[in-house]
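One structure is given here, and the rest of the page talks about it.
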Amino acid sequence: MSLKELVALQPRLDKAIAEARRRERSDVKEKIATLAADAGFSVSELFGTGRGLKGSKVAPKYINPDNKSETWTGRGRQPRWLVAKLAKGAKLEQFKI
């Protein structure tokens, strides 16, 4: 095949690969559900709901003394108010709730 023919074939090939992946994924899910049901379990009992930890709420651990509505959980990037205060020499422990 020429390069032009191969390039023209690429979109059809990508679509076929995506469909095969979807079909294979569906088959595996069905097999797992059958195995779980045969053993007397549901899939969610074995693997949970699939949510994981993402989106779970964490209580704030630090507060801005100048504006009590500004808090930080201690996760992720430090907020601007905290970075500014630390740059001026304050200690992180001063802002603990």
From the option list A36, A16, single residue qualifying as in a helix (DSSP H, G or I), modelled with pLDDT of 95 or more, over 22 Å from the mean Cα position of the chain (by Cα) and small (G, A, S) is A16
Among E24, E45, E30, the single one that is in a helix (DSSP H, G or I) and at pLDDT below 90 is E45
Within region 68-83, the residues that are surrounded by fewer than 11 Cβ atoms within 10 Å (Cβ to Cβ) and closer than 15 Å to V58 by Cα are R75, G76, R77
Original post:
Scanning for something outside any loop (DSSP other than H, G, I, E, B) and without any contact (Cβ under 8 Å) to a residue 24 or more places away in the chain, does region 51-58 turn up at least one residue?
Top reply: no
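The values are calculated or read from the model by the stated rules, or taken from the named source; none is laboratory data. The structure displayed is predicted, hence computed values, not measured ones. Cβ atoms come from the backbone with ideal geometry, glycine included; neighbour counts cover every protein chain shown.
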